[in-house]
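Undergrad: Sharing a structure, written as structure tokens. Questions coming.
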Amino acid sequence: MEITGRFLRAANRLPVDATPVWFMRQAGRYMPEYRAIREKYSLLEICAQPELAAEVTLQPVRALDVDAAILFADILLPAIPLGVGLEFARGEGPILQHPIRSLADVKNLHPVDPETDLGYVLGAIRLLRAELTDTPLIGFCGAPFTVASYLIEGGSSREFLKTKTMMYSDPLAWHALMEKLSSVLTDYLLAQIRAGAQAVQVFDSWIGTLNAADYVEFVQPYSRRVLQAAQATGVPVIHFGTGATTLLPEMKAAGGTVLGLDWRVPLDAGWDLVGPEVAIQGNLDPALLFAPLPEIRKRVHAILRCADGRPGHIFNLGHGILQNTPVEAVKAVVDMVHEYSVERTNV
Ligand code: CP3
């Protein structure tokens, strides 16, 4: 079957009429439409009601003219059926009530059946596929390491000290936890694909805290399981990390048909590190969206020049959109990316 649409074509390294663009965290508090819904419902209430999750997913598609929709959900939703408890405290990020600190804690994690326990996510995907005609829908999950870090730390972290302490001092507990998470996350991602997700992204947002040897020993086998199971279905799989330039070859070896780059590495240098047989997503610094438009344009063009028209570039930020980002800047980037491709073909 012919692959159509810029996003899916680029993800498969096929030529496109213009570089596709979407943004991590394209739905969120920087958008007035999102804030209006958040005044009435909590984050978890939005996720749990397919109609609301679908509506929030569509907000940036309508407002920005992006080339892909990303399901509105959170990488920590599987923590709820695992039984560790999940809350989002205002301004403080996620809090897990029963963090995992020992092998006994890992053994107490509940079995998860995504079809029932996370059925609301799958419901949102089905609603969105009925609604979206030309825009492909991206599903996602957290990678085992990044999800494990929240379960062990009990929330966000800078040093990942409890996570690394379990890794280095209690390898039995660590491997049991990673085993459990890779199986739950694989099932969850496959369920999203069956429900209609046309591509998936695996977020290993905090993997950059590890060196390559520890990544290979403690993480790569588990990421590989999730990524390769998704890849075997034939949908594009985006493997994303931040601060991970030194891990790129090992991340690529774990899997992914598209590798996500953050802004710390020039796009062409990052692409060279993973080789030509994968597509690349990225990689504007999210902070640049606060700069004047001419400066933004300069940086957007620099990234597009790095890609140099090679098939397989999906434009994105190097990480999620930050709070208080001006919506006009986000929209301007979409137009700059699309227009650049047209200008380039005309010269
Ligand atoms: O990209 C999208 O538009 C889809 C929605 C999405 C959310 N979370 C909604 C959300 C996605 C893809 C995520 C992924 C996610 N969640 C990640 C990986 C991506 C990344 O940024 O690295 C992580 C680490 C999380 C965990 C998480 N969720 C944290 C640390 C926080 C608090 C930080 C914050 O911005 O407040 C959240 C909350 C969260 N998830 C919000 C949104 C829109 C904040 C908005 C709110 O409270 O309404």
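The values are calculated or read from the model by the stated rules, or taken from the named source; none is laboratory data. All values reported here derive from a predicted model rather than from experimental measurement. Positions of Cβ are backbone-derived with ideal geometry, glycine not excepted, and every protein chain shown enters the neighbour counts. When the accessible area is computed, the model is the full protein with side chains, heavy atoms only, and any ligands, DNA or RNA have been set aside. Shrake-Rupley method; radii C 1.70, N 1.55, O 1.52, S 1.80 Å.
Undergrad: Arrange the residues 340, 41 by how much accessible surface each exposes, largest first, with a 1.4 angstrom probe.
TA: 41, 340
Undergrad: Find the centroid of the Cα atoms in the stretch 311-333 and in the stretch 94-164, then give the distance between the two in whole Å.
TA: First find each Cα centre; the distance between them is then 24 Å.
Undergrad: Using alpha carbons only, what's the Rg to Rh ratio of the stretch 248-328 with Rh from Kirkwood? Before the final figure, lay out each step's value.
TA: Working: Rg = 13.1 Å, Rh = 13.2 Å.
We get a ratio of 1.00 for the stretch 248-328.
Undergrad: Per residue, how large is the accessible surface of the stretch 219-311? Use a 1.4 angstrom probe and give square angstrom.
TA: Per-residue value: 38 Å².
Undergrad: Moving on. Among all the aspartates and glutamates, which ones have a C-alpha under 18 Å from residue 252's C-alpha, if same-chain residues fewer than 8 places away are not counted?
TA: Cross-link targets: 204, 214, 217, 262, 268, 272, 277.
Undergrad: Given a 1.4 Å probe and the protein chains all in place, what does the accessible area of residue 306 round to, in Å² to the nearest 10?
TA: Answer for residue 306: close to 40 Å² accessible.
Undergrad: Show 226, 235 ordered by accessible area, largest first, where the area counts protein heavy atoms only and the probe is 1.4 Å.
TA: My answer, sorted largest first, is 235, 226.
Undergrad: Zone of residue 165 (label point 7 Å along Cα→Cβ, backbone N under 12 Å): which residues in the stretch 95-111?
TA: Taking a point 7 Å out along Cα→Cβ of residue 165, the residues of the stretch 95-111 whose backbone N falls under 12 Å are 101-102.
Undergrad: Report Rg (one decimal) and Dmax (nearest whole number) for the stretch 208-347, counting Cα atoms only, units Å.
TA: So, for the stretch 208-347, Rg and Dmax equal 15.9, 49 Å respectively.
Undergrad: Right, another one. Counting each pair of different Cα atoms once, what's the Kirkwood radius of the chain in Å, rounded to one decimal?
TA: 20.3 Å
Undergrad: Another question about this same structure. Give the lysines whose C-alpha is closer than 18 Å to that of residue 331, dropping any in the same chain fewer than 8 places away, or say none.
TA: Correct list for residue 331: 298.
Undergrad: Grab the Cα-Cα distance for residue 228 and residue 212, subtract it from 0.36 nm times how many residues apart they are, and report the gain in nm with one decimal.
TA: 3.8 nm
Undergrad: Sticking with this one: Note down the accessible area of residue 271, probe 1.4 Å, to the nearest 10 Å².
TA: For residue 271, the solvent-accessible surface is approximately 10 Å².
Undergrad: So for the pair residue 12, residue 88, with labels modelled 7 Å out along Cα→Cβ, what separation do we get in nm?
TA: The two pseudo-label positions are separated by 3.4 nm.
Undergrad: When the helix-only estimate is applied to the chain (DSSP H runs of n ≥ 4, each -39,500 (n - 2.57), divided by the residue count), what is the mean residue ellipticity at 222 nm, nearest 500 deg cm²/dmol?
TA: -14500 deg cm²/dmol
Undergrad: Put +1 on the Cβ of each Lys and Arg and -1 on the Cβ of each Asp and Glu in the chain; which of 209, 195, 26 then has its Cα farthest toward the positive end of the dipole?
TA: 209
Undergrad: Mind listing the long-range amide H neighbours of residue 314? Cut-off is under 5 Å, sequence gap 5 or more, other chains count too, H placed in the peptide plane at 1.01 Å from N.
TA: Placed amide hydrogens put 280, 281, 282 under 5 Å from residue 314.
Undergrad: Would you mind working out the accessible area per residue for the stretch 90-166, using a 1.4 Å probe, and quoting it in Å²?
TA: Working: 3730 Å² over 77 residues.
Roughly 48 Å² per residue, with all protein chains present.
Undergrad: Based on the mean of other beta carbon atoms within 10 Å per residue, what is the order of 255-264, 81-90, 55-64, most packed first?
TA: In decreasing order of mean packing, 255-264, 81-90, 55-64 become 255-264, 55-64, 81-90.
Undergrad: Let me ask you something else. If you average the alpha carbon positions of the stretch 201-245 and of the stretch 63-86, how far apart do those two centres end up, in angstrom?
TA: 18 Å
Undergrad: To the nearest 10 square angstrom, how much accessible area does residue 203 have with a 1.4 angstrom probe?
TA: Approximately 30 Å² of residue 203 is accessible to the 1.4 Å probe.
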